[in-house]
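> There's a structure below that I have some questions on.
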There are 2 protein chains.
Amino acid sequence: MDHVDHILKQWRQERPDLDVAPMGTIGRVKRLNHTLMRAMEKTWAKYGLTDAGFDVLATLRREGAPYALSPSDLMASTMVTSGTMTHRIHQLEKSGLIERVKNPDDGRGFLISLSQRGFDLIDEAVAAHVETQAQLVSGLTDEQRQQLDALLKQFLAGVEQE
Amino acid sequence: MDHVDHILKQWRQERPDLDVAPMGTIGRVKRLNHTLMRAMEKTWAKYGLTDAGFDVLATLRREGAPYALSPSDLMASTMVTSGTMTHRIHQLEKSGLIERVKNPDDGRGFLISLSQRGFDLIDEAVAAHVETQAQLVSGLTDEQRQQLDALLKQFLAGVEQE
DNA sequence: GGATTATATCTTGATATCAAGGTATGTAGG
DNA sequence: CCTACATACCTTGATATCAAGATATAATCC
């Protein structure tokens, strides 16, 4: 009987006409996301990073050499709007972790690339981050985690298509 | 090969020293949460509500008569800080959906209670919300959804204890 | 090549959130 | 009763986000 079970119980009492089973599933996803984010933020903070900054640097890093993407590519990868990405880029540029160069192939745009400092920082931070994540999933066995992956993947495929 | 699989593939190429399997699980939770929230916001917006407002009104409604809780109780239920709850309460009060009365049992605090309009609105909005949620989970069978519930519950129990 | 449409990014304005600290009221110990 | 501590809520200041619209460049079509 966790927090979400309690909520469902209350609804079944107050609104027995509603089928609240899906609310339980979605509620757990929301709550889990919230708790996981809070935990991971602590690791990012050790490297002077936020969710937003880590997200951008990691996207550039895992892309491989030459560690550069356009703002549009970054937007698509990170699920934020253009205004948000502009803001993130300015912050990271001010910190000297990325550089902004004119896109030689498209005069309208730029390329965002990791600076050497940005590369070194994210390479170290991501190792710590992976360790934190391993700790966070340690309540599940490997097999359970794989089952969960499969279900989440199917769920996601269902809601992302449109 | 979804978006998350692509990310893991990139990391395995660039950083074969890291075990990124947990990142896949956590990444799917994050992405799923984001997509679900975006979808549910559309329903809330039809009733002039945001995530924040719906959250508070629903918490009061499912509590049962007399539909009143202290700001502290609301904070605990909704996982936000006191500053955020103060702000939410002011917004909802301005909209006439809740009322704030002095707590007769504790001179330091207040009780937040649903107004008649607030009650009517949330009672209608939650029915639409439940329908939206049913649609969102329709990519899973009932059995799969229940399996997912069980795994999420265990995952959550592992990360929430501290 | 000029007009039209599409694309890439930035700007603006409104909200929501948090962390840290402030104020008022309650509670417990001597 | 008075002091010390605890609790409940609010205020402040800094960020992050989004939606909508602005601007500049590219691509396409006669």
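The values are calculated or read from the model by the stated rules, or taken from the named source; none is laboratory data. Just so you know, these numbers come straight off a predicted model, no measurement behind them. Neighbour counts run over all protein chains shown; Cβ positions are idealised from the backbone, glycine included. Just so you know, the surface numbers come from the protein's heavy atoms only, side chains and all, with ligands and any DNA or RNA stripped out. Shrake-Rupley method; radii C 1.70, N 1.55, O 1.52, S 1.80 Å.
> Of all residues being assigned to a loop (DSSP other than H, G, I, E, B) and within 7 Å of chain A (Cβ to nearest Cβ) in segment B:16-51, which is nearest to DNA strand D (Cβ to nearest atom)? Just the residue, please.
The selected residue is B:20.
> Would you please name the residue that is farthest from residue B:37 (Cα to Cα), looking only at residues in segment B:48-61 that are open to solvent by 20 Å² or more (accessible area, probe 1.4 Å) and not small (Gly, Ala, Ser)? Before you say what the answer is, go through the steps one by one.
Initial filter on segment B:48-61 (open to solvent by 20 Å² or more (accessible area, probe 1.4 Å)): B:48, B:50-52, B:55.
Next, only the ones that are not small (Gly, Ala, Ser) stay: B:50-51, B:55.
Working: B:50: 10, B:51: 8, B:55: 12 Å.
Going through the qualifying residues, I end up with B:55.
> Collect the residues in segment B:53-72 that are out of contact with any Ser or Thr (no Cβ under 6 Å at 6 or more places or on another chain) and either within 13 Å of chain A (Cβ to nearest Cβ) or away from DNA strand D (no atom under 13 Å from the Cβ) (or both), keeping them in residue-number order. I'd like the intermediate steps shown before the answer.
Residues of segment B:53-72 that are out of contact with any Ser or Thr (no Cβ under 6 Å at 6 or more places or on another chain), as a first pass: B:53-54, B:56-58, B:60-66, B:69-72.
Across segment B:53-72, the qualifying residues are B:53, B:54, B:57, B:58, B:60, B:61, B:62, B:63, B:64, B:65, B:66, B:69.
> Check whether at least one residue in segment A:8-31 is in contact with a His (Cβ under 8 Å, 6 or more places away or on another chain) and on the phi > 0 side of the Ramachandran plot, and report yes or no.
no
> So, one more: Evaluate the following for residue B:96: is it on the phi > 0 side of the Ramachandran plot and without any contact (Cβ under 8 Å) to a residue 24 or more places away in the chain?
yes
> What number goes with the only condition from (1) part of a helix (DSSP H, G or I); (2) open to solvent by 40 Å² or more (accessible area, probe 1.4 Å) that residue B:66 does not pass?
For residue B:66, the failing item is (1).
> Do we find that residue A:35 is open to solvent by 50 Å² or more (accessible area, probe 1.4 Å) and within 14 Å of DNA strand C (Cβ to nearest atom) in this structure? Explain how you work it out, then say what you get.
Working: open to solvent by 50 Å² or more (accessible area, probe 1.4 Å): no; within 14 Å of DNA strand C (Cβ to nearest atom): yes.
For residue A:35, the condition - open to solvent by 50 Å² or more (accessible area, probe 1.4 Å) and within 14 Å of DNA strand C (Cβ to nearest atom) - is not met.
> Where in segment A:73-162 are there helices (runs of 4 or more DSSP H), lying wholly inside it, with at least 2 residues that are open to solvent by 50 Å² or more (accessible area, probe 1.4 Å), within 16 Å of DNA strand C (Cβ to nearest atom) and farther than 16 Å from residue A:49 by Cβ? Working first, answer last.
On the way: elements: A:82-94, A:116-136, A:142-160.
Output list reads A:82-94.
> Could you list, ordered by first residue, the pairs with Cβ atoms under 6 Å in which the first is in segment A:1-30 and more than 15 Å from residue B:160 (Cβ to Cβ) and the second is polar (S, T, N, Q) and open to solvent by less than 80 Å² (accessible area, probe 1.4 Å), at least 6 apart or interchain?
Pairs that qualify, where the first residue is more than 15 Å from residue B:160 (Cβ to Cβ) and the partner is polar (S, T, N, Q) and open to solvent by less than 80 Å² (accessible area, probe 1.4 Å), are A:22/B:133; A:23/B:133; A:26/B:133.
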